[in-house]
Every structure is written in structure tokens, then in C-alpha cells.
Amino acid sequence: MPETVQPETSNLPEVVAFKAGDGQAGVQVISIDEDQSVSSGSASVHDPAESVTTHDPSEDSEKVSEEDVSIALKATNVDAVPDLIKEITALGETFDKEDSDARLKLMAKAKSLWQSLETPRETMLRHCWAEPSLHCALTAGTDKGLWPYLAKLNGPFNAAEVAEAKGIEPALLSRLLRHVSSMGYLTEIGQDRYELNNFTKSMAFPFINAGYPCISGACLNALGKFHEYANNNGWKDPTDITHKKTFFEHLHTNPPYGQMFHLHMGGYRQGRPSWMDSDFFPVQEKLLNGFDQSEDATLLVDIGGSFGHDIGEFRRKFPDAPGRLVLQDLPVVIDQITKLDEKIERTKYDFFTEQPIKGARAYYMHSVLHDWSDETCTKILKSAMGAMKPGYSKLLINEKRHSQHRERTQENWENLLGKAGLKICNIWTVANGVESLIECELA
């Protein structure tokens, strides 16, 4: 595991420069303006002109005794360490590098060991400085085309030579690469000389690297301002967006973030068990058997299917399946598709409107409903239900089903779908951490 914070030093990233003058400390920052342009200068955390009420952490310091402060400098859960070491040792003795479940179990225990040994102070420094600066460096490298260039070198590289080739000031590239290396994603083999590991090699792939500039440019401002929004809105769950753009409207009206997001979603799906696998959902039994094979019959409609990641996979795995395959998404998405099997029909469609494909064998939604409140989900469901044929059509919902957390639980899904007028036939689950497939019919 990479060592991101040294116990005796702050290990602050070089991309933020602290300065002091006239007896008052300030921070030299890089900020993103409302129009997504970049500016730099001295800034405070909050603009006094803004009417934002925030909590001042310094007010708490007087309430904390010297004894209380000491816990911030001790391991978070040192008592758990001996047992975790034993469990990791046992898992290591039987570890099979081809066994994904074994890898995940060992990774979870290693993560628990890391978190148990790390002090709250070290965790704070990692959260506030090391990890955001890593995201910054990876985003900058993606924007400059650095990672594909390094992958093509296919071996060790010198930072100064790469800087010259890519038009980057050597001192800047060295600072970025040193931080990426300190976080464990490059191997430093000499003075300003590095080797890629599997992660940084994979950063050459658009489905891996696109998420970084997308999140940086389109999402981080919202995350950074959320506490101010919550203060100004009474700390209510933000489900009403009637006076603003939706997340997807925001992405697509600020190119190229819309396209980056769909590439990112392709990366999200890579290497995960698929609902159409034989050990997940019985496609032959549930969809192909009993399919109406009339000339214009539709087998599968992928609603809000992005660039066709799922329906394209279905076509590859079931090349001889009868019937029409239809991909639906907003015009701005469909127009960006450059590669899709010609058998798959592309349809420009807003899932809040009437479903134009009537009586299909299956309507499929992947990670669609989790973006919306129950009230809005009901509207989306009703649009699909209006096209479903009783006793024949199925609605397949590919979503997480949690026992807790913000994602919907099984009880939440049962309540939502039941109120909409659907009955759950089965919930198919293949492994922890993988979305379930909720099989529904009209009630």
C-alpha cells in the first residue's frame, strides 16, 4: 500500500503554496470561476460578500481538553491490528491471483489494517491534501495527453525528456509526477526517472482517464459548495431541481463533459459480472422462450442506455437472438455514438415522455432510477409501463440493492415499484458489490 502521509511531516502537496505577509497568513490558490475558467491569487475560504452561514471549527477548540486532543495522534483502532494481521496472513497463504473473490477479501482486510493504523491527523492530511492533489495531477495529465504518451514509451522515462516532448515546464511536470509517485501510482527508479505501473498504464485508455477531467470540471464545484448550499436551504435532502438544470443537462450543456461522462460509465461497467451472463440471469428461459417472433417484434429496449455499452454486449453474447434491439437516450447522447452494431436501432428519446416502442419483451434500465427521487422515478416507470404488454413484457432494473446507505434497500424497491403498479418477480444477485437485476411485470 502506498504511504501517503509520513507521521513526522505534513507531506503537503506542492500544488498549493502557503505564504505569509504583514502578520497575516494567506493561501496562494488555484480556483475555478463560475465559467469554469482558472484563476489564481490569495483567497480566504469564504467570500465575505456571500451570505453564507458556516460553522467555525475554531469555536470547538475551547471545548476540547488536552486529553481529548491526544486521540487525534494515535492509531484509529490499534486493538484491531493483531487480528487483522492474522487474517491477512491466512488469506495470503491461500491466495490465488486468478481468484477475484480472494483478491477482494484480501484487499478489504488490507484496507481495514491501513485505516486501523492511520491516526486521525494522518487521515485528515490524506483527505484534505494528498488525495485531492492526486486527482489534480491525474486530471492535468489526462488533459495534456500525458498518460497515452507515457504508455507508448513502454519502459522507464526521464521527466525532463517527457516535459520537452509534451511542452510542459520541467519543474511543473516533476512536481506532478513526484506526487503521483508518492501515492503509489508510479515507481521512482532514480532522480526524476520513473516507471508506470498497471494503473498509470491503464490511464492511457479513455474509459479510465475520462472520469478525471469530467469529475474535476463538472462535479467538484458542486461538492465543494455543498455545505454552503445546505446551510442556505435548511439542510434538506436536495431532490427538487425545478429551478436548475439536471445533472445530465449540466453535463451536456458544458462540453466535452457529457461525452467524458459516458466514456466514464463505460469504464464503470468494465470487468464486472453482467446481468446477461448465464450464471446471473437466465436470458434463454426468461426472454427468448416465449418471445413473439412476428416481423416487427422487439426483444429488448435499453432505456437511457448511453453509448450502448449494455445492449451492445447483449448483441455480442446473443448474436442469433430474434427481434429488434433498441437503444434509447437523449439526442445529444445518440448523436455522439461513433461505434455500435448496425443491428441495434438508435432512438432519440426522453424517458419522461411516452414510450414509443410498444409491447417489447423486455424494457431495461441500468443505473437510471438511482439518480432520481421516488416521485420522479414513478414518472419514469409509468412511461415504460404504458408500453408494456400484460403477462408478456418485463421491466428489468439493473441497480444496487443495499441493506443500508443511500442506495435503495430491497424494501425501498418493493415500496417504489409496488406503488407504481409493478410486481417484483425476482431479484437476481450474483456477487457482493455488483448491481442486482430486479425482474418486474405489470401487477
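Observations, loosely collected:
- Subset of the range 74-107 (residues that are under 19 Å from residue 434 (Cα atoms) and either surrounded by 15 or more Cβ atoms within 10 Å (Cβ to Cβ) or more than 28 Å from the chain's Cα centre (by Cα) (or both)): 102, 105, 106
- Test: residue 249 is outside the structural domain of residue 127 (by TED's automatic domain parsing), among the charged types (D, E, K, R), free of Cβ contacts under 8 Å to residues at least 12 places away in the same chain and surrounded by 13 or more Cβ atoms within 10 Å (Cβ to Cβ): yes
- Restricting the first member to the range 415-441 and to residues that are more than 18 Å from residue 387 (Cα to Cα), and the second to residues that are assigned to a helix (DSSP H, G or I) and among the aromatic types (Phe, Trp, Tyr), the beta-carbon pairs closer than 8 Å and six or more apart or on different chains are 427/413; 438/413.
- Against the test of being in contact with a helix residue (DSSP H, G or I) (Cβ under 7 Å, 6 or more places away or on another chain) and either of a type in the set (Val, Ile, Thr) or under 28 Å from residue 204 (Cα atoms) (or both), the options 108, 137 yield a single qualifying residue, 137.
Per-residue answers, yes or no, for (1) in the same structural domain as residue 223 (by TED's automatic domain parsing); (2) polar (S, T, N, Q); (3) under 30 Å from residue 82 (Cα atoms):
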position: 96; (1), (2), (3): no, no, yes
position: 117; (1), (2), (3): no, no, yes
position: 126; (1), (2), (3): no, no, yes
position: 133; (1), (2), (3): no, yes, no
position: 149; (1), (2), (3): no, no, no
position: 160; (1), (2), (3): no, no, no
position: 183; (1), (2), (3): no, no, yes
position: 192; (1), (2), (3): no, no, no
position: 195; (1), (2), (3): no, no, no
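- The listed residue being assigned by TED's automatic domain parsing to the domain that holds residue 376, farther than 22 Å from residue 436 by Cα and of a type outside the set (Lys, Arg), out of 296, 302: 296
- Restricting attention to the range 128-181 and to residues that are of a type in the set (D, E, K, R) and in contact with an Asp or Glu (Cβ under 9 Å, 6 or more places away or on another chain), the residue that is farthest from residue 192 (Cα to Cα) turns out to be 175.
- Contact map, the range 344-355: residues that are aromatic (Phe, Trp, Tyr) paired with residues that are assigned to a loop (DSSP other than H, G, I, E, B), Cβ distance under 6 Å, separation 6+ or inter-chain. Pairs shown: 351/304.
- Where helices (runs of 4 or more DSSP H) fall entirely within the range 49-100, those with at least 2 residues that are over 21 Å from residue 123 (Cα atoms) and either at pLDDT 85 or above or in contact with an Asp or Glu (Cβ under 7 Å, 6 or more places away or on another chain) (or both) are at 81-93.
- Restricting attention to the range 195-254, the residues that are part of a loop (DSSP other than H, G, I, E, B) and not aromatic (Phe, Trp, Tyr) total 20.
- If you go through the range 312-334 and keep only what is among the aliphatic types (A, V, I, L, M) and either within 18 Å of residue 274 (Cα to Cα) or in the same structural domain as residue 260 (by TED's automatic domain parsing) (or both), you end up with 321, 325, 327.
- Figure legend. Inter-residue proximity from the range 204-226: first residues more than 14 Å from residue 261 (Cα to Cα) and surrounded by fewer than 21 Cβ atoms within 10 Å (Cβ to Cβ), second residues modelled with pLDDT of 95 or more and not charged (D, E, K, R), beta-carbon distance below 7 Å, spacing 6+ or different chains. Indicated pairs: 204/147; 204/148; 204/151.
- Residues located in the range 262-279, provided they are under 30 Å from residue 210 (Cα atoms) and either of a type in the set (Gly, Ala, Ser) or in a loop (DSSP other than H, G, I, E, B) (or both): 266, 267, 270, 271, 272, 273, 274, 275, 276, 277
- Selected residue [at pLDDT 90 or above, under 30 Å from residue 231 (Cα atoms), in contact with a Leu (Cβ under 7 Å, 6 or more places away or on another chain) and basic (Lys, Arg)] from 126, 121: 121
- Qualifying residue in the range 269-281 (condition: of a type outside the set (A, V, I, L, M), modelled with pLDDT of 90 or more and under 15 Å from the mean Cα position of the chain (by Cα)): no
- The range 289-346, residues that are of a type in the set (Gly, Ala, Ser), farther than 19 Å from residue 365 by Cα and in contact with a Phe, Trp or Tyr (Cβ under 9 Å, 6 or more places away or on another chain): 290, 297, 321
The values are calculated or read from the model by the stated rules, or taken from the named source; none is laboratory data. Quick caveat: nothing in here was measured; it's all calculated off a predicted structure. Backbone-built Cβ (ideal geometry, glycine too); neighbour counts: all protein chains shown.
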